[in-house]
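Presented below is the structure to which this report refers.
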Amino acid sequence: MLKIWGRNDGSNVIKAMWCVGELGIEFERIDWGGPFGGNDDPEYRRKNPNGRLPTLEEDDGFTLWESGAVVRYLCAKHSPGNLYPEDLRERASADKWMDWSSLNLANFNVAYLDHYFRLPEADRRKTAIEEAAAQASLWFDILDQHLADNAYIGGERLTMADFPAGSITHRWMQWTPNRPSHPNVEAYYERLLARSAYQEHVVEANAPRTQQIQGS
Ligand SMILES: N[C@@H](CCC(=O)N[C@@H](CS)C(=O)NCC(=O)O)C(=O)O
C-alpha cells in the first residue's frame, strides 16, 4: 500500500494528502517530523536525504520526495487524462501554476507559522504577519485575475494544478487578519470547500491551528 511519511498538518504534506484523497487510493500516512521527530533517522534519510516531509514510499521500495513531484507522480499514475492533463500545453500550464504557487503564492506561510506559532511568544510580531499578507495579496491579485475566467486553476475541472494553490489558499482565507477581498479566489475556495477530500485533508488537518488563531 502507498505510504506517505509526514505529519498531517505540514503544508506540503497537506498538498500531497489532498491529492491522495481526490484520487481515492488506499494509503497509510505515518506521523513523522515536527513533534513526532524522525527527520534525522538514518533509515528515513535514506528515503529522503533532506529529512523533510512528505516522502512517498511504495511497496517495491520506490521513494519520492518534493511535494510537487509527489503530486505529479500520483496524478500521472492514477488519473491520466483527468487530474494529470494529457494535452502537452494543458499539462505545461498546470506545471506552471504548480511551480508558481510553491515559489510565490505560498511564501506567506513561513512568516505566518513563525509569528503565530514557532517563535517564542515575546518575539512574535503582528506586523510581520501583516507584511507577509501584504506581499501575498499581490500574488493573490494574479490568481484572482486568472480565476475570473477559470473555475479551477487548470480550467474547468480540478487538475493537479490545484493542489499547491488550493491547499495554501485555506491558510490565506482563514489565517489572514483583515484579508483583502479577492472575489474570484473566494468563489474558488467555496468550490474547494464542497469537496470531501479537501475538507478531510486540508480543512480538518489545519483545524487545530486555525482554532488557535481564530480563538486568540
Ligand atoms: N520543497 C519541499 C519542502 C518540504 C518541507 O520543508 N516540509 C516541511 C513540512 S511542510 C518539513 O519537512 N518541515 C520539518 C518538519 O516538519 O519536521 C516539498 O515541497 O516537499
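Bear in mind these aren't lab numbers, they're just calculated from the coordinates by the rules spelled out. Keep in mind the model is a prediction, meaning the values are calculated, not measured. All Cβ positions, glycine included, derive from the backbone under ideal geometry; neighbour counts span all protein chains shown.
Quick look at the values:
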| read-out | value |
| --- | --- |
| Ranked 102, 167, criterion: other C-beta atoms within 10 Å, fewest first | 102, 167 |
| Alpha-carbon spread of the chain, three principal axes, descending order, Å | 48, 43, 26 |
| Estimated 222 nm signal from helices in the chain, with DSSP H stretches of n ≥ 4 weighted -39500 (n - 2.57), rounded to 500 | -16500 deg cm²/dmol |
| Separation of the residue 138 and residue 95 label points, Cα + 7 Å toward Cβ, nm | 2.7 |
| Longest DSSP-loop-exposure-free segment, GluC sites (Glu not before Pro), the chain, at most 12 other Cβ within 10 Å | 87-155 |
| Histogram of C-alpha separations across segment 2-78, 10 Å bin width, % | 21, 59, 19, 1 |
| Cα pair distances in segment 88-215, grouped into 5 Å bins until the bin that holds the longest one, percent each | 2, 11, 20, 23, 21, 13, 6, 3, 1, 0, 0 |
